[in-house]
Structures are given as C-alpha cells and as structure tokens.
Amino acid sequence: MSTLLGKRILLGISAGIAAYKSAQLARLLKKAGAEVRVVMTEGAQAFITPLTLQALSGETVRTSLLDPEAEAGMGHIELARWAELILVAPGTADLMARLAHGHADDLLTTLCLASDAERVMAPAMNQAMWRHPATQRNARQLEDDGWRLLGPDAGDQACGDIGPGRMLEPETILESLLAVTSSLFAPSRATADARGLTIVITAGPTREAIDPVRYLSNHSSGKMGYALAEAAVRRGATVKLISGPVSLDTPPGVERLDVESAQEMFEASRRLAEQSDVFIGCAAVADYRVEHVAEHKLKKTAERDDLTLKLAKNPDIIAEIAALDRRIRPFVVGFAAETRDLEAYARDKLLRKGLDMIVANDVSQEGLGFGADHNAALLLWRDDDRSPGRRELPAQTKQTLASAVFEAILERLTASHETPSS
Ligand SMILES: Cc1cc2nc3c(=O)[nH]c(=O)nc-3n(C[C@H](O)[C@H](O)[C@H](O)COP(=O)(O)O)c2cc1C
C-alpha cells in the first residue's frame, strides 16, 4: 500500500456541517506522514475554529486572501506551488459552484486556480442540494477540469433528511487517497501506464428477443463500462468496447462494436479476447434467452389468460474467457452486482469462474449502481492461490471509480507478470 510520507497536502475546509470531521481528517493525514497546511473559507470558521486545525496540523491556518501579514510570509502563490495535493473536505455546494466557474474570490478558490497540484474533493451537503441539476452540472464540470470527487455517501443527514450528500468518513477519505496515491503523485505515468495494452470491455445490457418486437432485458445503463473504457483510453490503452444497446456516446478514441443478444456478445468477446491483454466483463448479460423466438408478433387471444416462455441458458461469457488456454488467455476481470452478502457471493464467483479479479457492487444501496451516476465497489483478486486480496472503493462518480478500478487492474496485471506461478 502507498503512503503519504512527506506528501505536501493542502486541506481546504468550506462551510458545511461536516467541517467538524475535518479535524479528524487532518489528524489522520498527519499520522499517515503527510505535511498538512489548512486553508479555511470564511464560513468554515463558524463551524470549526482555525485554532483546532492549527493545533492538529502544527501549522498556522490561513483564512484570508487579502492579508498583508500572511502575504509577507508564504504568499498565496507560494502556497499554491507548495501543495502536491489539494484536498477539499467538506466541499460545499457553494464552493463547488465557485470552483466550477473558475472564481478566485477567496483564498481557497484562488489557490485552487493558481495551483497545478492534484485536486480531490469530498462533497458534503443536504441531499436536495446534491441532487440539484446545478450541483450535478458543477460536479461534472469539476471532474472534466481534473478534480477527483470522493463520495458523497448516502444515508441519514444532519438535517434529518435521508439520501446522498453525506461527507465520507475521514478514515474512508484517507483510504481512498492511499489507494490512488501512486497515480496522484506520479502524473507523468498517467498516460504511459497502459500504452501497448489492448483492453476489451463489455458494457450495457443484452436483449433477448421474444418475437420481432419484444425482448427480455435489464436495467444496466452501460455507464460503468463506458467510464472504464474512457479511463483505459486516457491511460494510453487500445480499447475495444463491446456494447449492448445503451444511449451513451462512444468515448473518444474507443473502438465500439454494437451487439444485442448474449450470444452475439459472446461471439464478439471470444473473437476479441484472444488478441487482448485484459478482458473486462462489465455487461449485464442475460443468463437465459427465449428458446424459440416467435417469427411473428405474438398476439393476445381471447382464449388464453397466460403465456409460458421457455428459456434456455446463455453462454457464461466471462467463465468461457477465463477458461481459455493460458497462451491466449487475457487477464480477466468480472463484475458482480449483488443485493446482499456482497463479499461472499463475489468471492465465490471469483474462484468458481476462475477470474483474476472481481469488482463487486451492492446495487441495493439508494443512488448507487444500475442507472445511477455513482457507484461504490469492493475489489477482490486472486492472490497467488492464497486468500483473495481486497480493496474497498467508496461511493464516488462512476468516472472517478472507473479510474481507481483501472488503476487496480494495472497493478494486478503487473503483479501477475512478476509472479509466474499466479
Ligand atoms: C448550519 C448550516 C449548515 C450548513 N451545511 C452545509 C453543508 O453541509 N453543505 C453545504 O453545501 N452548505 C451548507 N450550508 C450552507 C453554506 O454554509 C453556505 O452555502 C456558505 O455560503 C458556503 O460558504 P463557502 O463555500 O465559502 O464555505 C450550511 C449552512 C448552515 C447555516
């Protein structure tokens, strides 16, 4: 696991009720070995005092942009240059809006604009504020501008509401930082890591025809698979995306092959997987298809109150790819969407299907998984025949999560090349 030893982290605190958790976060960052300097918005000081953060960080807390005394010491530009990582926690809706529009009307926003450090934010707000189209727009803009958003979490809120908007717990924020530190602190690797690799990804649902106008399908939106394709192509990989029917644009640089049924997806996967380094089965493939597809549209009749469809088993795409001969078999990553006993089911699937890694999601959580823009994941991988390795990735946008998942895939792929027996 990476460490934060000696990393220069600027902790930005804005005026949310979760600001009290920033004290614990500052402590944890220090404990992990980071140098921490704190900048607070004016409003944040109504929630927690600079003195508390000064005591925990061991550094003077900066709160004001137009402060001649502070500017005589480490001025705001020097502070912006000093930071290797800007971590804003909590990030209010207001701060997100100001940053998304490039404002520089206080110290924190000015630093964010003046610094080329890595930028991470843990948003925190009331669920209605988070769901508001303006905030969602700002979140997307921030991600396009290079921010990584961690969370928010969903659940009980300080205001009594229930839903998405809670700041992630400080321990979870630290864990996520540790999980992605290698990519955060080695930006020059960002486009080079996957160069020369061919990644095949399946995404979206499949459609199993009943008759010429009807089909069986599921709620998969394809967002996670598309986000993975985008993350992989950004890292320099050649990406082939085998997509079920979705209403998403193809990410630039990705080669897309459209399919409908599980059988078509299987055939395309089998063909492309042999020439790939990594196969990621992210599609929600129908387990069964209709055994006899009607040639003509089925008609409702007055005589019959029911209709029975006989289903036949579809090929298990990911298991078939995992069972390929070692010489042509890629590194195989599966997905598991579960509504209970997540880890146990995922572990079983990993081992039973002979996968190298599995990305498990709990789709019973509100606002996460199918159709949603956010997801959380538990990664399990086969670790040299010993018990599976594991890493938890907290709720975040599917784009940010996809980068973290892809990062982990590259790590494990490298490890598997270094360990011939695995
Ligand atoms: C008691 C209280 C709690 C608040 N909690 C939040 C919050 O959790 N998230 C948020 O986005 N705004 C919250 N607000 C509103 C912000 O404080 C307000 O938008 C402020 O202008 C943000 O300032 P800043 O972005 O400069 O820190 C809260 C306001 C009050 C009075």
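Worth pointing out:
- GNM flexibility winner over the chain from T397, T198, T301 (Cα, springs under 10 Å): T301
- Taking only alpha carbon atoms, the chain gives an Rg to Rh ratio of 1.03, where Rh is the Kirkwood radius.
- 29 Å tail of the calculated P(r), region 8-188, as % of Cα pairs: 13
- Legend: P(r) of region 1-92 from all alpha carbon pair distances, 10 Å bins from 0, whole percents, reading 17, 52, 28, 2, 0.
- Gaussian network model of the chain, Cα within-10 Å springs - most flexible of P330, P252, P123: P252
- Helix 262-273 vs. the chain, principal-axis angle (Cα, 0 to 90°, nearest 10): 70
- For R166, nonlocal amide neighbours, meaning residues 5 or more places apart or on other chains whose placed amide H falls under 5 Å from its own, are M125, D153, G155.
- Candidates D144, D193, D94, ranked by Gaussian network fluctuation over the chain, Cα under 10 Å, top entry: D144
- Relative frequency of Cα-Cα separations exceeding 23 Å in region 62-159, percent: 29
- Considering only alpha-carbon pairs that sit under 8 angstrom and 6 or more positions apart, the relative contact order computed for region 8-188 is 22 percent.
- Degrees separating the helix 133-144 axis from the principal Cα axis of the chain, which is the longest one: 90
- Anchor K313: lysines whose Cα lies under 17 Å away (excluding residues fewer than 8 positions away in-chain): K353
- Taking amide H atoms as placed 1.01 Å from N in the peptide plane, the amide H of A337 lies under 5 Å from those of N361, each 5 or more residues away in sequence or on another chain.
- Hz values of 3J(HN,Hα) by residue in region 221-229 - Karplus curve (6.51, -1.76, 1.60), Gly and Pro given as x: 8, x, 4, 5, x, 5, 5, 5, 4
- Ranking by accessible area, most exposed first, for Y20, Y345 with a 1.4 Å probe: Y20, Y345
- Across the chain, C-alpha contacts under 8 Å between residues 6 or more apart give a mean separation that, scaled by the residue count, equals a relative contact order of 12 percent.
- Considering only the chain, percent of DSSP beta bridges that pair antiparallel, nearest 5: 35
- Each residue of region 46-59 was assigned a 3J(HN,Hα) from its phi angle through the Karplus expression (A = 6.51, B = -1.76, C = 1.60, θ = phi - 60°), giving 7, 9, 8, 7, x, 4, 4, 5, 5, 5, 7, 8, x, 10 Hz with x at Gly and Pro.
- Checking the cross-link pairs K223/K297; K7/K240; K240/K398; K7/K223; K240/K297; K223/K349 against a 25 Å limit on the alpha carbon distance flags K223/K297; K7/K240; K7/K223; K240/K297 as lying beyond it.
- Kirkwood hydrodynamic radius (C-alpha pairs) into Stokes-Einstein, region 198-418, 25 °C and 0.890 mPa s, D in µm²/s: 136
- Table column - 3J(HN,Hα) (Hz), region 82-93, Karplus curve with 6.51, -1.76, 1.60, x for Gly and Pro: 4, 6, 8, 9, 9, 10, 9, 7, x, x, 7, 4
- Cα long-axis angle, helix 170-184 against the chain (0 to 90 degrees, to the nearest 10): 80
- Exposed-site-free run, longest, the chain (rule: trypsin sites (Lys or Arg not before Pro); DSSP loop; at most 11 other C-beta within 10 Å): 1-194
- Amide H contacts under 5 Å for L311: E291, restricted to partners 5 or more places along the chain or on a different chain, H placed in the peptide plane at 1.01 Å from N.
The values are calculated or read from the model by the stated rules, or taken from the named source; none is laboratory data. Predicted, not measured: the structure shown is a model, and the values here were computed from it. Heads up, the Cβs are rebuilt from the backbone with ideal geometry, glycines too, and the neighbour counts pull from every protein chain shown. Heavy atoms of the whole protein, side chains included, go into the accessibility calculation; ligands, DNA and RNA do not. Shrake-Rupley method; radii C 1.70, N 1.55, O 1.52, S 1.80 Å.
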